[in-house]
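Notes follow once the structure below has been shown.
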C-alpha cells in the first residue's frame, strides 16, 4: 500500500533558484518531447519514442538538474498518451505553459538519495532543506518518491510517497449510515445529523472581491500587480486549507463511528452546470469529502457503498417504500399517505442507507 505525507519546505535562496530551474527544464523537456512526437506522427503516421537524454548533448544546462525529474516527465507524457487513446474524453496532451501558477516535479528515491532527517529532507541536487514535519513516519514505511511543488502563493511543499505492507482485516458490519448530499450543509445523515459546513469561500467572498477590484485597477505585470496577485493567492490557499481541515475531521469522525457508509454516486461537474450552483458546489467540495472518506474507511477495513445516481432516494417513502411520481425542489418536507412526515433530506438519507444495505447484501 502507498501513503503520502505533505510537508512545508523552507529552501534557501540558492535552492529556490535550482528548484525554479528544474521546473523550467521539466516543462521544456515535456514540451520538446510532445512537439517531436506530434511532428513525427504527422510525417510518418507512426509513434515516436523520445527520452530526455536525447536533448542533453544539445542543451547542456539540462545536466544541471535532477535527471530523475526529467525522466518522470517522459513517464507523464506516455501516461497522458495512453489515457487519451483509452478514453478520448480526457483530451489530447497539451503543451505546458510558463504562466501556470502551479509548478511541480517528481523525483524518485534511488540508493537512498532522498532521506528524511531531523527537521530536514535531503533531495537530489538540492541537498538538505528545512521542513515542517507534523507527524512521525513509521519505521516500516519505505520512501519511494518526492514531489516538490510551488503554490501560487509562493510557498514550497514536498509530498513524500511511502510504501508499506499491511494486512487489513475486513471489519464486521455493525453500524451503518446513509449520507445525502446537501448544498448548504454538505450532507444530512440518516440519523438526522448534518455537517453544518461553514462555507468558507462564501465567508471570504467580499474580501476576495475587494482584493480583485484593487488588482483590476493596477498596471498589468507591474511589481504591485504581482504583489496583489500573491495576496489573493494566499487568501485562496487559506480558504482551501480551511476546507480540507474541516473535511478531514468530518470524514474521520464518520469513518471511526461507522462500518458501512452509503452515499449517492453524484456527478458534481454536471450539477455545477445544470443547477447553476457552481460556486456552492465547489465550495462544499463533496468530491474531495468522498475521497477522504473512502481512503479512511479502506484503512480501517470498512466499506463505502455508492448508490446509483438514478435511485429515487428523495421520492421514495422511507417507511412504506411508495415512490412519488413528482417532487419539486421547493417541497422540503416529505409527506406520505402512510402517515410518514419527515424532512426531505433525512428521508433521502434513510433510503440511501437501506439501499446500501441491500447492495451490500445485508438484507
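Annotations for the structure displayed:
- Förster radius 22 Å - calculated FRET efficiency between residue 84 and residue 2 (Cβ-Cβ, nearest 0.05): 0.30
- Using the empirical formula 2.2 N^0.38 Å as the baseline, the Cα radius of gyration of segment 90-239 reaches a ratio of 1.48.
- Mean residue ellipticity at 222 nm, helices only, the chain: -13500 deg cm²/dmol; runs of at least 4 DSSP H residues each add -39,500 (n - 2.57), and the sum is divided by the number of residues.
- Rounded to the nearest 0.05, the FRET efficiency derived from the C-beta distance between residue 155 and residue 323 at R0 = 41 Å is 0.20.
- Contact order normalised by residue count of segment 125-225, Cα under 8 Å, 6+ apart, percent: 12 percent
- Label-point separation in nm, residue 236 to residue 43, each point 7 Å along Cα→Cβ: 4.0 nm
- Residue order, fewest to most surrounding Cβ atoms within 10 angstrom, among 352, 137, 232, 121: 137, 232, 121, 352
- Placing R0 at 22 angstrom, the Cβ-Cβ distance between residue 337 and residue 311 gives a FRET efficiency of 0.55 after rounding to 0.05.
- Simple spin-label estimate for residue 36 and residue 248 in nanometres, 7 Å along Cα-Cβ: 4.2 nm
- Note on 293, 215, 304: ascending count of other Cβ atoms within 10 Å places them as 215, 304, 293, the fewest first.
- Stretch gain in nm, segment residue 205-residue 221, where the contour uses 0.36 nm per residue and the Cα spacing is subtracted: 3.3 nm
- The chain, Rg to Rh (Cα coordinates; Rh as Kirkwood inverse mean 1/r): 1.03
- For the pair residue 95 and residue 299, label points projected 7 Å from Cα toward Cβ lie 4.2 nm apart.
- Cα pair distances exceeding 29 angstrom across segment 2-163, given as percent: 25 percent
- Of the residues 74, 212, 88, the one that moves most in a GNM of the chain with alpha-carbon contacts below 10 Å is 88.
- For the chain, the longest principal axis of the C-alpha atoms and the axis of helix 67-86 are separated by about 50°.
Any read-out appearing in this document is the output of simple, stated calculations on the displayed coordinates, not a laboratory observation. It should be emphasised that the depicted structure is a prediction, and the values quoted were computed from it without experimental measurement. Note that each Cβ is placed from the backbone with ideal geometry, even for glycine, and that neighbours are counted across all protein chains shown.
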